[in-house]
1. Got a number for residues in the range 103-120 being surrounded by fewer than 21 Cβ atoms within 10 Å (Cβ to Cβ) and modelled with pLDDT of 95 or more?
2. If you go through the range 128-171, how many residues are outside any helix (DSSP H, G or I) and of a type in the set (A, V, I, L, M)?
3. Could you please let me know if residue 140 is loosely packed, with under 13 Cβ neighbours inside 10 Å and over 30 Å from residue 293 (Cα atoms)?
4. Every residue in the range 193-208 that is under 12 Å from residue 224 (Cα atoms) and of a type in the set (Asp, Glu), please.
5. Can you list residue pairs whose Cβ atoms sit under 6 Å apart, with the first residue in the range 247-267 being in the same structural domain as residue 277 (by TED's automatic domain parsing) and in a helix (DSSP H, G or I) and the second being among the basic types (Lys, Arg) and at pLDDT 90 or above? Count only pairs 6 or more apart in sequence or on different chains.
6. Filter the range 183-206 down to residues that are modelled with pLDDT of 85 or more, surrounded by fewer than 15 Cβ atoms within 10 Å (Cβ to Cβ) and either on the phi > 0 side of the Ramachandran plot or not in a strand (DSSP E or B) (or both), then give me how many there are.
7. Please verify whether the range 247-255 includes one or more residues that are under 30 Å from residue 176 (Cα atoms), out of contact with any strand residue (DSSP E or B) (no Cβ under 9 Å at 6 or more places or on another chain) and either loosely packed, with under 13 Cβ neighbours inside 10 Å or modelled with pLDDT of 90 or more (or both).
8. If residue 100 meets every condition in (1) in contact with a Leu (Cβ under 8 Å, 6 or more places away or on another chain); (2) in contact (Cβ under 8 Å) with a residue 24 or more places away in the chain; (3) part of a helix (DSSP H, G or I) apart from one, which number is that one?
Amino acid sequence: MNTEDQDCGFNGGEMILSLADRWILAEFNQTVKAFREALDSYRFDIAAGILYEFTWNQFCDWYLELAKPVMNGGTEAELRGTRNTLITVLEGLLRLAHPIIPFITETIWQRVKAIAGINADTIMLQPFPEFDAAKVDEAASADTEWLKQAIVAVRNIRAEMNIAPGKPLELLLRGCSDAAVRRVTENNTFLKTMARLESITVLPADDKGPVSVTKIIDGAELLIPMAGLVDKDAELARLAKEVAKVDVEIGKIESKLANEGFVARAPEAVIAKERERLVAFADAKTKLIEQQAVIAAL
């Protein structure tokens, strides 16, 4: 759809690669290295896991999302660069996956080859991907990982504070390193689009800022001001109910662990699982109480 009958840069033309393009190309290169090492050591289980991790979590989950700002509003050179990256990585991924899932990779490759400008009959006769040290891009990897953490942090705040996904938010940053400021400056529009932000402001280190929910990434504080975003009374009532539910679960587990008969008869794995659940519920209660404090201060 976004690449068929489109200029994907395989016949020339200026191409500008976005940070996301550079990142996924570098990630694929590292995946090739890890995958081949797993095959060389006959660890086909590890190889399959490496393939799944890249395909699902990096290419499908993140890169296709990160490519949308360019696909929806990039220049011709940027569009050409992103389309080229999409097809280059997909075609290489199909060749990499072919030993594990031969039939479906052949079927998909038959459609992709024309877009990639490949004149060949079968994927079986294509070269197997090789790691290229020249394609390592540590800067793109570091910058993209930071941006991903920032996007996830904002999304988590939305979920925790029950804020609508489409509601534009104000993002404040405090205590940023020079690298973090550069990343925000260079990727301002991109970050706003992916995290649905209305504005991004870097605060001085000594600026307390308004009442906000805060997340920490790489030493920097990400603050989302809460004023005007929630119905204070309704949200406090909701949080009180959630705390009560968690208290009930904590009480059940504590009673179970205090029962000498249960502890004596239950397998150690079952007891360990209950203790893990107790810690998880205690952590959840702490977070809920922190949210209550933020809302109460509005």
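The values are calculated or read from the model by the stated rules, or taken from the named source; none is laboratory data. Small disclaimer: the values here were computed from a predicted structure and weren't measured. Cβ placement follows ideal geometry from the backbone for every residue including glycine, while neighbour counts extend to all protein chains displayed.
1. 7
2. 6
3. no
4. Correct list: 198 only.
5. Here the result reads 253/277; 262/256, each pair linking the range 247-267 to a residue that is among the basic types (Lys, Arg) and at pLDDT 90 or above.
6. 5
7. No, there is no match, as no residue in the range 247-255 is under 30 Å from residue 176 (Cα atoms), out of contact with any strand residue (DSSP E or B) (no Cβ under 9 Å at 6 or more places or on another chain) and either loosely packed, with under 13 Cβ neighbours inside 10 Å or modelled with pLDDT of 90 or more (or both).
8. So residue 100 meets the others, but not (3).
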